[in-house]
Every structure is written in structure tokens, then in C-alpha cells.
1. Give the number of residues within the stretch 69-88 that are surrounded by 12 or more Cβ atoms within 10 Å (Cβ to Cβ) and either in contact with a Leu (Cβ under 9 Å, 6 or more places away or on another chain) or not in a helix (DSSP H, G or I) (or both).
2. Of the numbered conditions (1) open to solvent by less than 40 Å² (accessible area, probe 1.4 Å); (2) in a helix (DSSP H, G or I); (3) over 30 Å from Lys17 (Cβ atoms), Ser120 satisfies every one except a single condition; which is it?
3. Evaluate the stretch 51-62: report whether one residue or more is touching a helix residue (DSSP H, G or I) at 6+ places or on another chain (Cβ under 9 Å), open to solvent by less than 90 Å² (accessible area, probe 1.4 Å), closer than 30 Å to Pro177 by Cα and part of a helix (DSSP H, G or I).
4. Could you tell me which of the residues Met144, Met73, Met44, Met83 is under 30 Å from Leu171 (Cα atoms) and among the aliphatic types (A, V, I, L, M)?
5. Does the stretch 171-183 hold any residues that are open to solvent by 70 Å² or more (accessible area, probe 1.4 Å) and touching a residue at least 60 places away in the same chain (Cβ under 8 Å), and which are they?
6. Condition first: more than 23 Å from the chain's Cα centre (by Cα) and under 30 Å from Lys184 (Cβ atoms). Now tell me which residues in the stretch 14-67 satisfy that.
7. Tally time: how many residues in the stretch 149-170 are more than 14 Å from Met99 (Cβ to Cβ), open to solvent by less than 20 Å² (accessible area, probe 1.4 Å) and touching a Pro at 6+ places or on another chain (Cβ under 9 Å)?
Amino acid sequence: MASTVVNPTRMELTRLKKKLVTATRGHKLLKDKRDELMRQFLDMVKENMALREKVEAGIKAANTNFVIAKAGMSEQTLHTALMAPKQEVKLELSDRNVMSVDIPVFECKTKSADENDIYSYGFAFTSGDLDDAVKSLSDILPDMLKLAEIEKSCQLLSAEIEKTRRRVNALEHVIIPDTKAGIKYISMKLDENERSTQVRLMKVKDMMLEEAHHYKENQFK
């Protein structure tokens, strides 16, 4: 019997059958969505791991170059060289839809297309190690933005997977079993009522036949 009280009528039985069909179809669609989300999520996790290693290696190389540059230059000269950057980076944010999840898309655009604009200083009083450090950071910036994009996408997909999983479990373990139990309960009740009605009709028929028989006997006396 269903956990909730149901009204054992044919109208309620029809409603529950329609609900079961909808719940079963929704369960299949949500399972397919969950599986596809998991596939997309695992692909992004693999890409995230590879990209993180690349970004960490790039940042480590840039830091090493900065340390070496700092060792070969005075601190005041280093600060003066990096005080007024020439290049400007603009970050544009958009999104794309993956299985009803809007994940971010980052795109960076530089103010100037000239690659030398990343150097905001003259080369006369600075070391080549500082050039290497600035170039390393410039090269790794697109990968850093891509890493941020993928990590945020993984977070959003993970939340959607958990939400979808809860819905699938609710349909599979609560709604569908309760609906089936309600249908079974109403069907049993209707069958029981039909049998009771048939028994009553048979008794009424027997009573009417008996009454008709007595009536005929009284007529021939």
C-alpha cells in the first residue's frame, strides 16, 4: 500500500497511471542527463589536471627568472622598470550551455598586438633574466585564464550532477515505487468492490427469483 492515503477511485487510478508514465520517462531522461554530465565532467577534470601542471611549471619558471633578475639588479631599478606597464589586458566573459548548465568562457584581449609592448622598460639598465620572467608570465596568462574557466566549469557541473543525482534517486526510490503501490492498492480495492457488487447482485437476483417462485405458488393454490 502507498505511504500516502489515496482515494480508491477509477479517476485516481487513471491519474496515477499517467503520473507513473511521466515519472518513468523523466527518470530515463534524468539518468541520461546525469551520465552525459559525468562524461563532460571527467573530460574537464583530465584537462584541468594537465593544464594545472603546465601553469604551475610556467609560474615556477617565471618566479625563478624574477629571483635571478632581482639578484642581478638593484631593487629600486627593478621596481622602476615594472612601475608603469605599457600593455593592457581586457577580460571578456561569456558563457556556453552544457546540458542546461551555463559554464563561463573567458577571453582576453590585449590593448596592442605588438608583442614587445609587454616590456614597460628600456633594455639598457635591466637584465635579460627580467625579460625572460616577463615573457614567461605573458605566455602563461592564457593558460591561467583557461585553467580558471575549466575549474569554475567543473564546480558548476559537479553541483548540477549532484542535483540531478538527487532527482534520479527521488524518482527511482520514492515517487515511482509509491505510485506503483498506489496503483496496486486502488486496483485491489476496485476489484474487491466489483466482487462485492457482483455478490450483492447475485443475492438480489436470488431473492427476486425466490420471491417470484412464491408468488407463482400462491397463484395456483
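The values are calculated or read from the model by the stated rules, or taken from the named source; none is laboratory data. Keep in mind it's a predicted model, so treat the numbers as computed, not measured. Cβ atoms come from the backbone with ideal geometry, glycine included; neighbour counts cover every protein chain shown. Surface areas here come from the heavy atoms of the whole protein model, side chains and all, with no ligands, DNA or RNA. Shrake-Rupley method; radii C 1.70, N 1.55, O 1.52, S 1.80 Å.
1. 10
2. Ser120 satisfies all of (1) open to solvent by less than 40 Å² (accessible area, probe 1.4 Å); (2) in a helix (DSSP H, G or I); (3) over 30 Å from Lys17 (Cβ atoms) except (2).
3. No.
4. Met44
5. Of everything in the stretch 171-183, those that are open to solvent by 70 Å² or more (accessible area, probe 1.4 Å) and touching a residue at least 60 places away in the same chain (Cβ under 8 Å) turn out to be Glu172, Lys180.
6. Thr14, Arg15, Leu16, Lys17, Lys18, Lys19, Leu20, Val21
7. Qualifying residue count, the stretch 149-170: 1.
Residue by residue, here is whether (1) without any contact (Cβ under 8 Å) to a residue 40 or more places away in the chain; (2) surrounded by fewer than 17 Cβ atoms within 10 Å (Cβ to Cβ); (3) more than 19 Å from Glu194 (Cβ to Cβ); (4) out of contact with any Ser or Thr (no Cβ under 6 Å at 6 or more places or on another chain) holds:
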residue	(1), (2), (3), (4)
Val5	yes, yes, yes, yes
Lys17	no, yes, no, yes
His27	no, no, yes, yes
Arg34	no, no, yes, no
Leu37	no, no, yes, yes
Phe41	no, no, yes, yes
